[in-house]
Amino acid sequence: MKQQQKIISKIIKLRLSQLLVNERFKNGDFEIPIHLALGHESIAIAIDEAISNLDSLILNHRNMHFNLARIQNLKDAMDEYYLKGTGISRGKLGSMNMSNPEQNIVYSSSILANNLSIATGYALGNMVKGNKAVVFVITGDGAIEEGSFWENLIFAKSNNLKILIIVENNRWSLGTEIQERRCDIDLKKLAKSVGIKYKKLNGNDPFNYINEV
């Protein structure tokens, strides 16, 4: 029960932290793009709970919730958004490319689907070195439209890499819904075609996420 209360408290804190950032954003305080992830707190906390000290986390441009989940310290992230030397990355990376190796966040990318190639390469390096750690990589529904997504699925499977790809599907690409821009992509069938395990999770149940991860 105490562990469940702790996780719920983290989710609430993460939501409130994002709301505070949003207020600063609406005031025009930042000189850089800010991507919120309101409603995605549960998966970020679940990954934080599941990842080990040996594992790595590789993020995309919408990474605020994962960064805040790992540090539980809004000031360090906020200083980075203000490009201060006291920020997580000493004010050099801003929001979309923020990394935090001390918290196992080794890379983030503002380029659509770019982080998938980095994650696959990182997992390949782990295999070569005999490291059994898992690479967690976060992507979105927009990135699965890129060739990089398909290529890295095949490469990861062909080399039996220890990589977990998490697709956050908010059904939007900027101001365009999925059905406005493309046909339906059945990820379950796609994963089956290359022999990759696939699990679809709905809702915001962090305990379900943790169990599945």
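The values are calculated or read from the model by the stated rules, or taken from the named source; none is laboratory data. This is a predicted model, so every value here is computed, not measured. Don't worry about glycine lacking a Cβ; one is built from the backbone with ideal geometry, like all the others, and counts go over all protein chains shown. SASA here: full protein model, heavy atoms, side chains in, ligands and nucleic acids out. Shrake-Rupley method; radii C 1.70, N 1.55, O 1.52, S 1.80 Å.
Put simply, of VAL135, VAL213 the only residue that is at pLDDT below 95, within 30 Å of LYS10 (Cβ to Cβ) and among the β-branched types (Val, Ile, Thr) is VAL213. A single member of GLN72, GLN103 is under 21 Å from LYS13 (Cα atoms) and modelled with pLDDT under 95, and it is GLN72.
Restricting to region 141-184, and then to whatever is over 22 Å from ILE45 (Cα atoms) and among the basic types (Lys, Arg), can you tell me which residue is least open to solvent (accessible area, probe 1.4 Å)? Selected residue: ARG182. Would you say GLN103 is open to solvent by less than 30 Å² (accessible area, probe 1.4 Å), touching a residue at least 12 places away in the same chain (Cβ under 8 Å) and touching a helix residue (DSSP H, G or I) at 6+ places or on another chain (Cβ under 9 Å)? No; evaluated as a whole, the condition is false for this residue.
Listed here are the residues, each with its yes/no results for (1) within 24 Å of ILE118 (Cα to Cα); (2) within 18 Å of the chain's Cα centre (by Cα); (3) among the aromatic types (Phe, Trp, Tyr).
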| site | (1), (2), (3) |
| --- | --- |
| PHE25 | no, no, yes |
| ASP29 | no, no, no |
| ALA37 | yes, yes, no |
| SER42 | no, yes, no |
| ASN63 | yes, yes, no |
| LYS75 | no, no, no |
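Taken over region 1-50, the criterion of being surrounded by fewer than 13 Cβ atoms within 10 Å (Cβ to Cβ), of a type outside the set (A, V, I, L, M) and in a helix (DSSP H, G or I) is satisfied by LYS2, GLN3, GLN4, GLN5, LYS6, SER9, GLU23, LYS26.
ASN53 - would you say it is open to solvent by 10 Å² or more (accessible area, probe 1.4 Å), in contact (Cβ under 8 Å) with a residue 12 or more places away in the chain, in contact with a strand residue (DSSP E or B) (Cβ under 9 Å, 6 or more places away or on another chain) and not in a helix (DSSP H, G or I)? Spell out the reasoning first.
Values: open to solvent by 10 Å² or more (accessible area, probe 1.4 Å): yes; in contact (Cβ under 8 Å) with a residue 12 or more places away in the chain: yes; in contact with a strand residue (DSSP E or B) (Cβ under 9 Å, 6 or more places away or on another chain): no; not in a helix (DSSP H, G or I): yes.
Judged against the criteria, ASN53 is not a match.
Does LEU59 satisfy the condition of being of a type in the set (A, V, I, L, M, F, W, C), surrounded by 17 or more Cβ atoms within 10 Å (Cβ to Cβ) and modelled with pLDDT under 95? No, not satisfied. Taking the stated definitions as given, is LEU83 over 22 Å from ASN204 (Cβ atoms), open to solvent by 20 Å² or more (accessible area, probe 1.4 Å) and either part of a loop (DSSP other than H, G, I, E, B) or at pLDDT 95 or above (or both)? Here the answer is yes, as LEU83 does meet what is asked.
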